[in-house]
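Working notes, beginning with the structure itself.
The values are calculated or read from the model by the stated rules, or taken from the named source; none is laboratory data. Predicted model, so just to flag it, every value in this text is computed and none were measured. Cβ atoms come from the backbone with ideal geometry, glycine included; neighbour counts cover every protein chain shown. Surface areas here come from the heavy atoms of the whole protein model, side chains and all, with no ligands, DNA or RNA. Shrake-Rupley method; radii C 1.70, N 1.55, O 1.52, S 1.80 Å.
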Amino acid sequence: MSNRRFPLGRRSLLAATGTLAISALLPDLAKAAEPFRPLSGPRSRVLFVNDLSGDVDGLFALAHQILSPSAELRGIIGTTPRERDSSAKRSAELAEEMLALMDMPGSIPIYTGAEQQMQDMVTPVASDGSDAIIAEAMRTDSELPLYIAVGGGLTEVASAVLQEPKIADRFTLVWIGGDALPDGGTGETNFNIDPLAAQFLFNESTVRIWQVPRSAYAQCLVSATELQTNVGRYGKIGPWLQDRLFDVTRKYGMRFNTGETWNLGDNPLVLLTALTDWVPSNRQPPLRFERTGSSLFDEVTAPAFNPDGTFTLRDEGRTIRVYRNIDTRMLFADFFAKMQVNFERA
């Protein structure tokens, strides 16, 4: 059966023209398999802030962020999870381990965040992580917009703003956390890591916020078999990530049936900082690439966070962005493809 590209059939054409001649007509498969990088370089700067020693989804999100060249990853800040048996120091160590597994040791600065939450809304908890946020936000040698991408508590961001109020208008906070409007809710993990930090940033600061509440990040459901197939087979980092996931199922599997699904709820951090529309939303410098395709959001007056995680709506104040839909097709297709392209031959 002939094919339309080669009417004689590939085998016949090879015989007729010779291997060297036909090789010039075929795509350079090795070149095509190289990881894609934008010709004009990154379009944003990102500081990735996450409780990597807590819920395992932060590890998957960090791998995805590292592999996304549209966002220049300026640093990784390991923070303290809600579970008291872990620490910011352990989160930073896991980030170092991941870079080594990805054959990138020392390539991205890693900082340790605060080991305790805020005790009030006026006193910062200074750390290497909050200092790194201040230093990056105060830079004057880059026009790339800065995103602080947080998949955990907000201690470091709130502390940085309290330490240096000038930075409040110099970055966008992309936060996986809290519940959706109008009511908010109780029990959301990332809010409960440091409620006072969240209250300060929403209620008292002028920080530009993109919130991905629980109702939105809950859409990021994948199966264990998907992860085995699309992550666990690639490089050294893939099996390591898969084992971290299965550690959780081993930990809880005898207490309740964990089934075969998992929520990678921190990966929208990558979607909203790196995988944005290719047409800028503002044609005047500095260009901002903030159109997020089929991920839907509402622009609303920032509500006031109550101590229990519920909201009090306000009629006046700054506008924040609250996402209600996440483009999971783009999100996971990109992550899985990047794992394959970067590590299939590793």
(request) Over all directions, average the projected area of the Cα convex hull of the stretch 212-336 and note it in nm². (result) 11.0 nm²
(request) Using DSSP, restrict attention to beta bridges with both residues in the chain and report what percent are antiparallel, rounded to the nearest 5. (result) 30 percent
(request) Before anything else, pin down the relative contact order of the stretch 148-230: Cα pairs under 8 Å, at least 6 apart, normalised by residue count, whole percent. (result) 37 percent
(request) Pop a pseudo-label 7 angstrom from the Cα along the beta-carbon direction at both VAL341 and GLN228 and give the gap in nm to one decimal. (result) 2.7 nm
(message) Check which residues have an amide H placed less than 5 Å from ALA71's amide H, if you skip close sequence neighbours.
(response) ARG43
(request) For the stretch 155-168, just list the computed ³J(HN,Hα) in residue order, Karplus coefficients 6.51, -1.76 and 1.60, θ = phi - 60°, integers in Hz, with x standing in for Gly and Pro. (result) 4, 5, 5, 4, 5, 4, 5, 5, 5, 9, x, 4, 7, 4
(request) Step through the residues of the stretch 70-75 one at a time and calculate ³J(HN,Hα) from phi using the Karplus curve (6.51 cos²θ - 1.76 cosθ + 1.60, θ = phi - 60°), rounding each to whole Hz and writing x for Gly and Pro. (result) 5, 10, 6, 7, 8, x
(message) If I model a spin label as a point 7 Å beyond the Cα along the Cα-Cβ vector, how far apart are those points for GLU143 and LEU221 in nm?
(response) 4.5 nm
(request) Run the dipole for the stretch 154-211 about the Cα centre, Lys and Arg Cβ at +1, Asp and Glu Cβ at -1, nothing else charged, and hand back the magnitude in debye, nearest 20. (result) 240 debye
(request) Calculate the all-directions average of the projected area of the stretch 147-281's alpha-carbon convex hull, and give it in nm². (result) 10.9 nm²
(request) Report, in debye and to the nearest 20, how large the dipole of the chain comes out about its Cα centre when Lys and Arg carry +1 and Asp and Glu carry -1 on their Cβ. (result) 1660 debye
(request) Only Cα pairs under 8 Å and at least 6 apart count here; give the relative contact order of the stretch 190-329 as a rounded whole percent. (result) 33 percent
(request) Please go through the stretch 182-262 and write out the chymotrypsin sites (Phe, Trp or Tyr not before Pro) that DSSP classes as loop and that have at most 16 other C-beta atoms within 10 Å. (result) PHE256
(request) Using 0.36 nm per residue of separation minus the Cα-Cα distance, give me the extension gain between SER40 and ASP247 in nm, one decimal. (result) 70.5 nm
(request) Run the 1.4 Å probe and let me know the accessible area of ARG82, rounded to the nearest 10 Å². (result) 110 Å²
(request) Would you work out what percent of the accessible area of the chain, with all protein chains in place, is carbon or sulfur (probe 1.4 Å)? (result) 52 percent
(request) Project the alpha carbons of the stretch 161-227 onto their principal axes and report the range along each, largest first, in whole Å. (result) 47, 25, 20
(request) Go through ILE193, ALA337, ASN203 and say which Cα lies farthest out towards the positive end of the charge dipole of the chain; charges sit on Cβ, +1 for Lys and Arg, -1 for Asp and Glu. (result) ALA337
(request) Return the loop-located trypsin sites (Lys or Arg not before Pro) in the stretch 232-261 (DSSP other than H, G, I, E, B) with at most 16 other Cβ atoms within 10 Å of their own Cβ; answer none if there are none. (result) ARG233, LYS236, ARG255
(message) How high is the relative contact order of the chain? Use alpha-carbon pairs under 8 Å, at least six apart in sequence, and give a whole percent.
(response) 18 percent
(message) If you count only protein heavy atoms with a 1.4 Å probe, what accessible area per residue comes out for the chain, rounded to a whole Å²?
(response) 48 Å²
(request) In debye, nearest 20, what is the charge dipole magnitude of the stretch 75-145 about its Cα centre with +1 on Lys and Arg Cβ and -1 on Asp and Glu Cβ, if you could check? (result) 180 debye
(request) Note the per residue figure in Å³ for the convex hull of the C-alpha positions in the chain. (result) 174 Å³
